[in-house]
Amino acid sequence: MTDAIIGLPMLSFLLIPTVSSYSTSLNLLFFYLTWSTLVLSHPPLKVEIIASLAVRLLFYVFPSLFFLAFDAFVPSAAENLKALGDSALPLKKNASKKRTIALLRMVGWSIFNTLLGLTIQASVELVFTRVLLWRSALRVTTTLPLPWGIIKDLAKGYLLRELIAYTLHRYILHNWNHTVSLSRNHRDWYHAIEAPFPLSATYDHPLAYLVRSFLPMYLPALILRFHLLTYIFYLTLTSLEETFAYSGYSTMPTNFILGGMARRTDNHVLCDGEGNFGPWGLCDWLMGTSVGADVVDDVVAEADKHDVSGKVERAKGRVRRGVSREANGAKGAVTRRTRRRADD
Ligand SMILES: [Zn+2]
């Protein structure tokens, strides 16, 4: 129990303001009591939707809007931070009124799509519990998930997400004959932008958005029946990932994972959807559809940065020297012994 609570300080930060006064030093028992009170005193659907909405707003919509405002109002400073320079600026300097309105419309659709995803999540819960009279789609219980359980669920969830996202994006949204009208929508909406900009993670035709981003994120949670707290954590990480991967900035909190993802997201738009279909690039690497640096290049670059191969070589050298010294020592002993014997 103790471990479970220590593993969730951020979640408690998110959930506690919804029920009681904010406390900076969170005590473990208090968290458990708060969580049980929250679940016992409010309908589970309300807890799930308010928590999901809070996460989407705090970790995706607000930071993305902040980045977008920075790009729009301080373009000369933003330009230097963008990997693609001024071509990644959603509003060029002295943008026309028409362009500004077009951008505002895109922002509107992005926020609409984010809310659409939450509405679908709420509808699924309603259908499960009220119409089909099944148990809820996500686990909302007073018990807390253990850290190991959370890690296992997250690992399985992200692998499944990568697989679903890759398959749907490549085979449905990039069906090049455009026989599927969804693929035409994806081309005319998302692929009409010059480069990804903050908030473009959810910018697409609403149906294409559901297929490209919402379903790959939500289906794993549904299939694995995540505990609500695990889901909130998963949604937080995914929201942060979307905020940074679509920001277009060349500097990220962690260049290792996020930096690579951001460049692959840029490349998917720049090459008109020739490759880079999955969010993490794992399936693209396996299927040979990576454009630009793939996920393995990122790992190698990170290893070079930390000089992993140098460290391994040095360690090997030390072992080799140790072995030869021992061998020399043994040889020396033999010679000495022989000499001593000759003296006798
Ligand atoms: Zn695409």
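The values are calculated or read from the model by the stated rules, or taken from the named source; none is laboratory data. Please read all numbers here as calculations on a predicted model, not as lab measurements. Every residue, glycine as well, gets a Cβ built from its backbone with ideal geometry; the counts of neighbours run over all protein chains shown.
Structure summary
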item: Hits in the stretch 265-286 - residues which are within 12 Å of the ligand (Cβ to nearest atom) and within 13 Å of the chain's Cα centre (by Cα); result: Thr265, Gly278, Pro279
item: Selected residue (only one of Leu228, Leu215 is more than 15 Å from the ligand (Cβ to nearest atom) and not β-branched (Val, Ile, Thr)); result: Leu228
item: Residue satisfying condition, being crowded, with 17+ Cβ neighbours inside 10 Å and either among the acidic types (Asp, Glu) or outside any helix (DSSP H, G or I) (or both), within set Phe197, Phe128; result: Phe197
item: Selected residue (criterion: nearest to the ligand (Cβ to nearest atom)) from residues of the stretch 193-212 that are modelled with pLDDT of 90 or more and among the small types (Gly, Ala, Ser); result: Ala208
item: Qualifying residue in the stretch 271-282 (condition: out of contact with any Pro (no Cβ under 8 Å at 6 or more places or on another chain), closer than 22 Å to Leu57 by Cβ and surrounded by fewer than 17 Cβ atoms within 10 Å (Cβ to Cβ)); result: no
item: Any hit, the stretch 235-251, residues being within 16 Å of the ligand (Cβ to nearest atom) and under 18 Å from Arg105 (Cα atoms); result: yes
item: Any chance Thr265 is among the β-branched types (Val, Ile, Thr), modelled with pLDDT of 85 or more, outside the structural domain of Ala192 (by TED's automatic domain parsing) and not in a helix (DSSP H, G or I); result: no
item: Identity of the residue in the stretch 206-251, touching a Phe, Trp or Tyr at 6+ places or on another chain (Cβ under 8 Å), closer than 15 Å to Tyr60 by Cα and among the aromatic types (Phe, Trp, Tyr), that ends up surrounded by the most Cβ atoms within 10 Å (Cβ to Cβ); result: Tyr246
item: Odd one out for Lys156 among (1) among the charged types (D, E, K, R); (2) assigned to a loop (DSSP other than H, G, I, E, B); (3) away from the ligand (no atom under 16 Å from the Cβ); result: (2)
item: Every pair of residues 6+ apart whose Cβ atoms lie under 6 Å, when the first sits in the stretch 287-298 and is in a helix (DSSP H, G or I) while the second is of a type in the set (S, T, N, Q); result: none
